[in-house]
Amino acid sequence: MKIKIVSDSSCDMLQLDGVNFESVPLTISTDQHDYEDDANLNLPDMLSELAGYRGSSHTACPGPARWLQAFEDADVVYVTVITSNLSGTYNAAMNARDLYLQTHPQAKVHVFDTLSTGPEMRLLLEKIAELVKQGREFEEIVAAGNEYLTHTRLFFSLESLHNMAQNGRVNPLIASAIGVIGLRIVGTASVEGTLQPLDKCRGEKKVRTVLLKYLKEIGYHGGKVRISHVENLNLAVQIKQDIETAYEGADVLIYSARGLCSYYAERGGVLLGCEY
Ligand code: X90
């Protein structure tokens, strides 16, 4: 039996250890370039172009045909997608699922709408991979995945919401409130899967304090934390150290965001997914 795990590229992963995995790219476009968020993406180039760019830029989700290609001929497919409230990715993947089941009536396909993205999606993917490796049944993995999502959370610190606002993914009033140098917005993925601002912070020291406060508040107790950053390794490392100091045995990993998350989180942005 062929089992496949497929995610859109906002998971920031190109492989998943020990399982058959594929990342399906979203596209980031300026008037000059289209950047496919795949293994060939030159992220520094994309970020440099965007930094000096005054035109409009946008993103596009993969269509059903691209999802179908990723399903290959798998008997069982687990799909994770970015929040359906900010992207058409979920709809496209669901269309692909319907088409696939017409030609593969015996197959099983589940699309997890994470109502989140980035590191929280990565946590779910790691969980699904673990269960697949244990040889668990489809229904069991779907139920466990959904259950797991009720115990994971996404927080973020962003220095600019320019691209989110330009693409109508956040209220422009919220975006303009942090157009000030040195000010950062700390927020979370809301229950509906939208950007929910929590605090405005001046300086990274404040961001660290506030993030630790929220981890404590939701009852984080030293489980997994995944931190992605957009050219801000320094802040990511400091947050990791803060968590490891406060919670013995915490399992914290740091990595660079890839194209889609980098475009929306922008330079300096940090996303944090945790179990609680
Ligand atoms: O073109 C598309 O369909 C993609 C649109 C994606 C829009 C949201 C991207 C969010 C990336 C930014 C900060 C975290 C916000 C979390 C809200 C759930 C990450």
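General remarks:
- Any hit, segment 197-209, residues being of a type in the set (Asp, Glu), assigned to a loop (DSSP other than H, G, I, E, B) and surrounded by fewer than 20 Cβ atoms within 10 Å (Cβ to Cβ): no
- Pick from segment 227-267, criterion within 16 Å of the ligand (Cβ to nearest atom) and closer than 16 Å to residue 206 by Cα, ranking: surrounded by the most Cβ atoms within 10 Å (Cβ to Cβ): 239
- Hits in segment 12-48 - residues which are of a type in the set (S, T, N, Q) and either within 21 Å of residue 117 (Cα to Cα) or open to solvent by 30 Å² or more (accessible area, probe 1.4 Å) (or both): 15, 20, 23, 27, 29, 32, 40, 42, 48
- Any pair with Cβ under 9 angstrom, 6 or more apart, that starts in segment 137-159 at a residue that is over 30 Å from residue 267 (Cα atoms) and in contact (Cβ under 8 Å) with a residue 12 or more places away in the chain and ends at one that is hydroxyl-bearing (Ser, Thr, Tyr) and away from the ligand (no atom under 16 Å from the Cβ): 138/78; 141/78; 142/78; 145/78
- When segment 1-48 is filtered for residues that are under 23 Å from residue 154 (Cα atoms), of a type in the set (A, V, I, L, M) and more than 16 Å from the ligand (Cβ to nearest atom), the ones remaining, listed by number, are 5, 6, 14, 16.
- Qualifying residue in segment 86-105 (condition: acidic (Asp, Glu), away from the ligand (no atom under 16 Å from the Cβ) and over 22 Å from residue 262 (Cβ atoms)): yes
- Note on segment 115-132: among residues that are in contact with a helix residue (DSSP H, G or I) (Cβ under 6 Å, 6 or more places away or on another chain) and open to solvent by 10 Å² or more (accessible area, probe 1.4 Å), the one that is nearest to the ligand (Cβ to nearest atom) is 117.
- Residue within segment 20-30 that is modelled with pLDDT under 95 and part of a loop (DSSP other than H, G, I, E, B) present: no
- Identity of the residue in segment 214-223, in a helix (DSSP H, G or I) and within 14 Å of residue 245 (Cα to Cα), that ends up nearest to the chain's Cα centre (by Cα): 215
- A Cβ distance below 7 Å, combined with a sequence gap of six or more or placement on separate chains, defines the contacts here; from segment 216-241, residues that are among the aromatic types (Phe, Trp, Tyr) reach residues that are surrounded by fewer than 21 Cβ atoms within 10 Å (Cβ to Cβ) in the pairs 220/276.
- Residue in segment 174-196 that is surrounded by the most Cβ atoms within 10 Å (Cβ to Cβ), counting only those that are farther than 30 Å from residue 127 by Cβ and small (Gly, Ala, Ser): 175
- Selected residue (criterion: farthest from residue 124 (Cα to Cα)) from residues of segment 145-173 that are within 12 Å of the ligand (Cβ to nearest atom) and surrounded by fewer than 17 Cβ atoms within 10 Å (Cβ to Cβ): 166
- Being at pLDDT below 95, loosely packed, with under 15 Cβ neighbours inside 10 Å and in contact with a helix residue (DSSP H, G or I) (Cβ under 8 Å, 6 or more places away or on another chain) is a condition met by no residue of segment 71-84.
- For segment 96-114, taking the residues that are within 30 Å of residue 226 (Cα to Cα) and of a type outside the set (Val, Ile, Thr), the one that is surrounded by the most Cβ atoms within 10 Å (Cβ to Cβ) is identified as 96.
- Filtered by the rule that a residue be over 22 Å from residue 144 (Cβ atoms) and either assigned to a loop (DSSP other than H, G, I, E, B) or of a type in the set (A, V, I, L, M, F, W, C) (or both), segment 81-100 gives 85, 86, 87, 88, 92, 96, 99.
- Every residue from segment 31-48 that is of a type in the set (A, V, I, L, M) and part of a loop (DSSP other than H, G, I, E, B): 39, 41
- Any hit, segment 49-56, residues being within 16 Å of the ligand (Cβ to nearest atom), open to solvent by less than 60 Å² (accessible area, probe 1.4 Å) and not in a helix (DSSP H, G or I): no
The values are calculated or read from the model by the stated rules, or taken from the named source; none is laboratory data. It should be emphasised that the depicted structure is a prediction, and the values quoted were computed from it without experimental measurement. Virtual Cβ from ideal backbone geometry, glycine too; neighbours counted across all protein chains shown. The area values use the complete protein model at the heavy-atom level, side chains included, leaving out ligands, DNA and RNA. Shrake-Rupley method; radii C 1.70, N 1.55, O 1.52, S 1.80 Å.
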